[in-house]
Amino acid sequence: MSTAVNVLRAQSVPARYDTTSRVFHWLTVVLVLSAAMLGLWIAHAEPGEAIKMTLYNLHESIGVTIGLVTLARLIWRLGHPAPPLPADLPDALKLAARLNHGAFYLWLLVMPVLGFIATNAWGFPLTWFGLVPLPDPVGKNVPLAEMVTFAHRLMAWSLIGMIVLHVSAALWHQFVRRDGTLRKML
């Protein structure tokens, strides 16, 4: 009986991510890379540069978008399971993959919230892409702004580490194991 159940489970789990999941993934990649590049540009721009405020608004607006896309992605994922990891992959690596993916979702939800709170705490209201004014939940609070900005930056650097791990694993699966894992997201 358990063999029949396993066969049914195997048939219900896709061999590849569905189109919507793949679009969410690659949209997230573009948004995160854009936000990261803008964040680095902001960090190296001179404080008095007029473009700096435009860069901040764009960075923050993309951050809000990342949070919204991540929420939609999680909701979609509830009804559309990921393809299984290779059966012969050691359990420790399966756990590492699951933890890294879980951390991605957590970071992509928490970082935009921290960035939004920091923006408000520094005394700058956010208008999403210059079109939609967002509420100011905290008001100006420099000590809070400093603390939340530090947490946001720390998470940004750790996100870079997670991305390096994720990309390295995808390349390892593609070129060392040759197990087709990368093709599931292409």
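Values in this text are rule-based calculations from the coordinates and carry no lab data. Values in this document were obtained by computation on a predicted structure and should not be read as measured data.
Going through (i) 10.1; (ii) 10.7; (iii) 13.0, the figure that equals mean projected area of the Cα convex hull in nm² as computed for the structure here is (iii).
Relative contact order, whole percent, for region 37-116 stands at 42, derived from Cα pairs under 8 Å and 6 or more residues apart. Within the straight-line cut-off of under 12 Å between alpha carbons, the aspartates and glutamates reachable from Lys184 are Asp18, sequence neighbours fewer than 8 places apart in one chain being disregarded. The C-alpha atoms of the chain define a longest principal axis, and helix 51-79 lies at about 30 degrees to it. Among Pro90, Pro143, Pro81, the largest mean-square fluctuation in a Gaussian network model of the chain (Cα springs under 10 Å) belongs to Pro90.
Here the gap between Gln174 and Leu93, fully extended at 0.36 nm per residue and compared with their Cα-Cα distance, gives a gain of 27.6 nm. In a GNM of the chain with a 10 Å cut-off on Cα contacts, which of Val176, Val23, Val64 has the highest mean-square fluctuation? Maximum among the listed residues: Val176.
Contact order for the chain, expressed relative to its length and based on alpha carbon pairs under 8 Å spaced 6+ residues apart, stands at 23 percent.
Relative to the longest principal axis of the Cα atoms of the chain, the long axis of helix 91-121 makes an angle of roughly 20 degrees.
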